[in-house]
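Novice: Sharing a structure, written as structure tokens. Questions coming.
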Amino acid sequence: MSDQNNSPSGITVLRKKLQGYVGFANLPNQVHRKSVKKGFQFTTMVVGESGLGKSTLVNTLFNTQLYPPKETVELSHETAQTVEVQSITSDIEENGVKLRLTVVDTPGFGDFVNNEESWKPILDNIEARCDAYLEQENRVNRRRMVDNRIHACLYFIAPTGHALKPLDIEFMRRLHTRVNLIPVIAKADTLTEEEVASFKERILADIAYHKIQIYQAPVYEYDDQETIAENREIMSKIPFAVVGSDKEFEIEGGRRVRGRKYPWGVIEVDNEEHCDFVKLRQMLIRTHMEELKEFTNDVLYENYRTEKLTAMGIQQDPSVFKEVNPVQKMEEERLAHEQKLAKMEAEMRSVFQAKVQEKEAKLKQSEEELYARHKEMKDALDKQRADLEEKKRRLESGRPMTPEKTAKKKGFSFNK
Ligand code: GDP
């Protein structure tokens, strides 16, 4: 069984049903095995004023004490006057799968009296990482490429319950074309359910008003209905209202949960009814980590690369993107071949003519030489004959006639 499909480029695609098992259905397993062996790598950035719970959330997300004790970090930027960029890398493993996780923190962001240019060192850092990747791409040996590009940026919004601050808008406006922005409402346990809902609405309205592009997971046709619904559910929670905690408490029924304890009860981090932490973790780690990396590489980095190379004056050859029509291409090739043949023929003809002319000239020259020699010999012979004639005449006039001549003169025939 087969059916045909004509693509716009004129190539005919035959769809065939196989009559037996060939084996390429196993390709995803090959990729899976290879990926597990190689391990995974992910770089995320956290931005927000200090004290919003960034380090607590990262530790909660990856269930590990990724951050060093807070005091040392705090001391280092206490006196700093600018936003710093610090990164921590950690190799973590779960069920035999390795993940090299890098968290890039930006202490100092939004902490000064004047925060006007707070976004700049962060944007510079993101671009510097893209530059480093571009530089590796241009190397002769590209075997060991290190990808330090930021794959996701968690932007922490203070739980004010009102609207985005000018600093939030400025940061997102400046960075949305360079990084996958994922806004989160920090310390959501300090707001009521209704406050969270209205705050989310207001934030989304501000984002839409300022045409800020936050990360949107793509929906694929080939995904099953369940996956599509799950993705929609995740996306509907943006901006994620999160609660972070590395402490555990015992709740009713003797269950131990991670959460924050209040006089009226415990806010559970891993309970979807209490906050969006589970959905954020699901997106960031379980369902969209590869998607975030792909979007970073295929769209954000690609745009940056084009801008950068164009600014450097490097032009793309437009013919590279010209759609190839096979019939037209064959015709062009045939014409080029014919032109080449005609050129070769003309060249051969002119070489042949030159050789003929040269030969003719040589022949003419030798003919003339022969003629001259012939003439010379003839002249010499003529001269010789004239001399002999002269001699003969002289001899005949000075000497008596021979008997034969006398007899002949008298009319007798003479037999020898
Ligand atoms: P960072 O400076 O943004 O990294 O913030 P930290 O993670 O160091 O947190 C600052 C303080 O906020 C700490 O006392 C945390 O225990 C607390 N904190 C962290 N996350 C939350 C949260 O989700 N809710 C509440 N109420 N407090 C939090």
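Novice: Angle check, please: helix 302-311 long axis (alpha carbons) against the longest principal axis of the chain (alpha carbons), in degrees 0 to 90, nearest 10.
Specialist: In the chain, helix 302-311 runs at an angle near 60 degrees to the longest axis.
Novice: While we're on this one: Could you list log10 I(q)/I(0) for the chain at q = 0.06, 0.12 Å⁻¹, which the Debye formula gives when each Cα is one point scatterer?
Specialist: Evaluating at q = 0.06, 0.12 Å⁻¹ gives log10 I(q)/I(0) of -0.46, -1.13.
Novice: When the dipole is taken about the Cα centre of the chain, and only Lys, Arg (+1) and Asp, Glu (-1) are charged at their Cβ, what size is it in debye, to the nearest 20?
Specialist: 5300 debye
Novice: Just to confirm the filter: which GluC sites (Glu not before Pro) across region 110-167 are DSSP coil and have at most 13 other Cβ within 10 angstrom of their Cβ?
Specialist: Those that pass, being in a loop and sparsely packed, are 116, 117.
Novice: Next question. Let me know the shape class of region 138-243, please: from the alpha-carbon gyration tensor, a ≥ b ≥ c as square roots of the eigenvalues, rounded when a/c is under 1.5, otherwise prolate if a/b is greater than b/c, or oblate.
Specialist: Oblate shape, in that a/c is at least 1.5 and b/c is the bigger or equal ratio.
Novice: If you build a Gaussian network model of the chain, linking Cα atoms that sit under 10 Å apart, which residue out of 34, 187, 17 swings the most?
Specialist: Of the options given, 17 has the highest mean-square fluctuation.
Novice: Between region 163-209 and region 230-292, what's the alpha-carbon centroid distance in Å?
Specialist: 18 Å
Novice: Compute the angle between helix 225-235 and the longest alpha-carbon principal axis of the chain, please, reported from 0 to 90 degrees and rounded to the nearest 10.
Specialist: So the helix axis and the longest Cα principal axis differ by about 70 degrees.
Novice: Tell me the net charge near residue 287. Cut-off is 11 Å between Cβ atoms, residue 287 excluded, with +1 for each Lys or Arg and -1 for each Asp or Glu.
Specialist: Once positives and negatives cancel, what remains is -2.
Novice: What is the P(r) of region 243-356, as percent of Cα-Cα pairs per 5 Å bin from 0?
Specialist: Histogram of Cα-Cα distances, whole percents per bin: 2, 9, 8, 9, 7, 6, 7, 7, 6, 6, 5, 5, 4, 4, 3, 3, 3, 2, 2, 2, 1, 1, 0.
Novice: Ignoring chymotrypsin sites (Phe, Trp or Tyr not before Pro) that are buried or in helix or strand per DSSP, and keeping those with at most 14 other beta carbon atoms within 10 Å, what is the longest stretch of the chain between them?
Specialist: Longest gap between qualifying sites, sites excluded: 265-411.
Novice: Same structure, new question: Which angle between 0 and 90 degrees, to the nearest 10, do you get for helix 27-38 versus the longest principal axis of the chain when only C-alpha atoms count?
Specialist: For helix 27-38, the angle is close to 70 degrees.
Novice: Mean-square fluctuation check for the chain, GNM, Cα pairs under 10 Å: which of 107, 263, 159 is largest?
Specialist: Maximum fluctuation in the GNM of the chain, among the listed residues, is at 263.
Novice: Please give the net charge around residue 296, taking every other residue with its beta carbon less than 14 angstrom from that of residue 296, where Lys and Arg add +1 and Asp and Glu add -1.
Specialist: It works out to a net charge of -2.
Novice: Then there is this: Just check region 185-252 against the gyration tensor rule for me: Cα atoms, a ≥ b ≥ c as the square roots of the eigenvalues, rounded for a/c under 1.5, and otherwise prolate or oblate depending on whether a/b exceeds b/c.
Specialist: It is oblate, given that a/c is not under 1.5 and a/b is not larger than b/c.
Novice: Using the Cβ atoms and a cut-off under 14 Å, what net charge is assigned to the surroundings of residue 236, where Lys and Arg are +1 and Asp and Glu are -1?
Specialist: -1
Novice: If you count the DSSP beta bridges with both ends in the chain, what percent of them are antiparallel, to the nearest 5?
Specialist: Counting only bridges with both partners in the chain, antiparallel ones make up about 55 percent.
Novice: Given the options 23, 108, 96, which has the most mean-square fluctuation in a GNM of the chain, springs set between C-alpha atoms less than 10 angstrom apart?
Specialist: 23
Novice: Loop only per DSSP, at most 14 neighbouring Cβ atoms within 10 Å: give me the trypsin sites (Lys or Arg not before Pro) in region 220-294, ordered by residue number.
Specialist: 247, 255
Novice: Find which of 209, 236, 295 sits farthest along the positive direction of the dipole of region 200-295, computed with +1 on the beta-carbon of Lys and Arg, -1 on that of Asp and Glu, about the Cα centre.
Specialist: The one lying farthest along the dipole's positive direction is 209.
Bear in mind these aren't lab numbers, they're just calculated from the coordinates by the rules spelled out. All of these numbers come straight from a predicted model, not from anything done at the bench. No Cβ is skipped: glycine too gets one built from the backbone with ideal geometry, and neighbour counts run over all protein chains shown.
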